[in-house]
Amino acid sequence: MSCASQHIRLLCLPILFEHVRMIYASRRGSPYPPAMTGAYAKRLSCHAVHKMPSEDFYRTYFHLLPKLNHVRFKGMPDGPSPTLMDICFENVTSLDIAYQARWRVASSTQMVPYTARNPLVNFSLASHCFRELLSSLNETDLDNEYALESRFLAKLVCDMHAAAESLSLPMETAPLSHMVELPWPRIRSFALLGRYSSLGQASALSTLLSHMPTLHTLRIQAAQLSPLSRSLLLGSRAGSSASEFPELRSLTVAYPNPDDVIFSLNTPHLTHLSLRDEPRYYLYLRNKNLVPSIFAAPILRASECLAILRKKDAPLLSSLEVVYQADAGEDELLRHISSAYVNLAHLEVHRYRPASDDCCDPSISLPTTFTNITSLKTLHLNLDCAQIPPVHCDDEEEYDSWSEFIDNRAQEVLSIMRTCPRFEYVAFLDPRRRFATWIEYRPAWFPGELVDVDLWGSQRADIDWAPYT
């Protein structure tokens with residue numbers, strides 16, 4: 001249509017060129033955007049392949065994008081310099097730094113992260129879950145990285161407190177002790193990723209959340225310390241916290257505690273709930289000798305998961321993820337899910353068998369319970385069973401046997417779910433590869449591919465992986 005009409009083409013340009021990707025590599029041509037596209041770009045993704053561009057390069061590049069307000073950096077071996085931060089602050093209000101950033105150079109210039117006024121409203125700094133192992137492999141000084149990163153975040157994040165709307169921080173270096181002393185009147189989205197590094201973080205987090213009454217999205221996806229099992233976000237007794245989240249839409253908690261007050265709060269607008277694990281428990285099962293023992297893995301039992309869901313009255317819930325180990329309360333848990341959430345459209349179940357159960361195959365009995373959810377569109381199943389071969393299985397016969405097993409189970413599930421009028425596909429998790437992948441199976445009437453596997457796209461189950469795999 002844009003080729004047939006100049007008017008339509010002009011209307012499409014701001015949409016087509018809103019997001020620009022810059023790949024800086026010494027063996028490529030000019031990385032600068034064409035003048036036509038730069039005039040419309042609002043979001044920029046910067047990826048340095050071989051080396052970081054100079055600060056003058058970034059200054060020139062940003063000036064070619066007059067409407068720029070969001071920048072994402074991927075590949076930043078020494079962390080953002082003060083000069084680069086000042087350049088960003090000239091235009092940018094949203095900054096996203098991928099987990100490839102490393103604070104490896106301890107210089108005096110990094111004592112002050114920036115000198116310009118901080119205009120950020122949204123900020124994200126991702127952290128790899130297996131950061132300790134990566135540091136060991138790369139022979140870097142992790143304590144020094146943490147110290148520099150903590151100093152950087154303490155200045156930047158606290159300067160944002162009056163205007164911040166979205167924050168995503170590493171749990172290891174988030175300045176929680178400083179943040180609890182400040183109000184956060186406009187915060188809508190708050191996430192902590194990585195892993196707990198001290199017992200005092202749980203207490204500080206509970207206090208901090210009481211300063212964030214306007215939250216729409218809360219994501220505490222942090223691995224537990226071995227001595228710390230299922231930390232409490234808001235305490236264990238009613239009235240122990242002043243926190244209320246009347247506008248909360250999305251809640252994600254790794255290794256949730258059934259006694260946590262947060263699950264008893266009135267959240268009538270909640271549409272997404274995730275009771276998950278971090279790191280993914282299937283990484284332990286597939287890499288028992290490789291995944292470090294520094295992480296605790298207090299998987300919920302089915303009866304504990306049921307206790308949480310019974311507290312959580314969420315009539316508008318449309319997306320639910322549960323991770324549990326089967327016990328005597330599993331059937332009741334599944335019945336509760338199918339009856340309590342009548343608007344559920346997306347359901348993800350990670351079901352792990354008890355240690356004594358080697359032959360149980362719940363792939364048929366489990367989805368049968370969900371046929372009562374007439375609004376269900378997608379069903380993701382990670383069902384721990386004896387048929388799963390080891391990671392990087394070299395036995396072709398065993399590999400083919402697993403593929404045939406999962407294909408047959410998928411077709412049986414599709415047959416069971418045909419009574420759901422809105423159902424689109426069932427996805428089974430294939431945890432054998434380095435990146436666990438969802439394999440999507442669609443009904444026979446679907447016009448496109450009936451089996452969809454995308455190893456590097458949106459079907460990857462997680463960004464993080466276990467080193468050595």
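Some values worked out for this structure:
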{"read-out": "Of all residues making up region 422-469, the number that are modelled with pLDDT under 65, within 19 Å of the chain's Cα centre (by Cα) and outside any strand (DSSP E or B)", "value": "14"}
{"read-out": "Region 129-157 residues that are under 18 Å from residue 169 (Cβ atoms) and aromatic (Phe, Trp, Tyr), paired with ones that are open to solvent by 10 Å² or more (accessible area, probe 1.4 Å) and at pLDDT 85 or above (beta carbon under 8 Å, 6 or more apart)", "value": "146/172"}
{"read-out": "Residues of region 183-192 that turn out to be over 14 Å from residue 249 (Cα atoms) and either among the acidic types (Asp, Glu) or surrounded by 17 or more Cβ atoms within 10 Å (Cβ to Cβ) (or both), as a count", "value": "2"}
{"read-out": "Tally, over region 34-54, of residues that are open to solvent by 70 Å² or more (accessible area, probe 1.4 Å), among the small types (Gly, Ala, Ser) and modelled with pLDDT of 75 or more", "value": "0"}
{"read-out": "Pick from region 1-33, criterion open to solvent by 80 Å² or more (accessible area, probe 1.4 Å) and in contact with a Phe, Trp or Tyr (Cβ under 9 Å, 6 or more places away or on another chain), ranking: modelled with the lowest pLDDT", "value": "32"}
{"read-out": "Residues that are open to solvent by 40 Å² or more (accessible area, probe 1.4 Å) and modelled with pLDDT under 75, drawn from region 287-310", "value": "288, 289, 290, 293, 294"}
{"read-out": "Residue check, residue 127 open to solvent by 30 Å² or more (accessible area, probe 1.4 Å), out of contact with any Asp or Glu (no Cβ under 6 Å at 6 or more places or on another chain) and modelled with pLDDT under 80", "value": "no"}
{"read-out": "Counted residues, region 210-236 - those being under 15 Å from residue 168 (Cβ atoms) and of a type outside the set (S, T, N, Q)", "value": "7"}
{"read-out": "Filtered residues of region 55-80 (kept if under 23 Å from residue 145 (Cβ atoms) and open to solvent by 30 Å² or more (accessible area, probe 1.4 Å))", "value": "55, 72, 74, 77, 78"}
{"read-out": "Among (1) at pLDDT below 90; (2) surrounded by fewer than 19 Cβ atoms within 10 Å (Cβ to Cβ) - the single one residue 204 does not satisfy", "value": "(1)"}
{"read-out": "Test: residue in region 269-286 that is among the acidic types (Asp, Glu), farther than 22 Å from residue 327 by Cα and at pLDDT below 90", "value": "no"}
{"read-out": "All positions within region 169-182 that are outside any loop (DSSP other than H, G, I, E, B) and open to solvent by less than 20 Å² (accessible area, probe 1.4 Å)", "value": "169, 170, 176, 179"}
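The values are calculated or read from the model by the stated rules, or taken from the named source; none is laboratory data. These numbers come from a predicted model, not from an experiment. Note: ideal-geometry Cβ built from the backbone for every residue, glycine included; neighbour counts use all protein chains shown. For accessibility, only protein heavy atoms count, side chains too; no ligands or nucleic acids. Shrake-Rupley method; radii C 1.70, N 1.55, O 1.52, S 1.80 Å.
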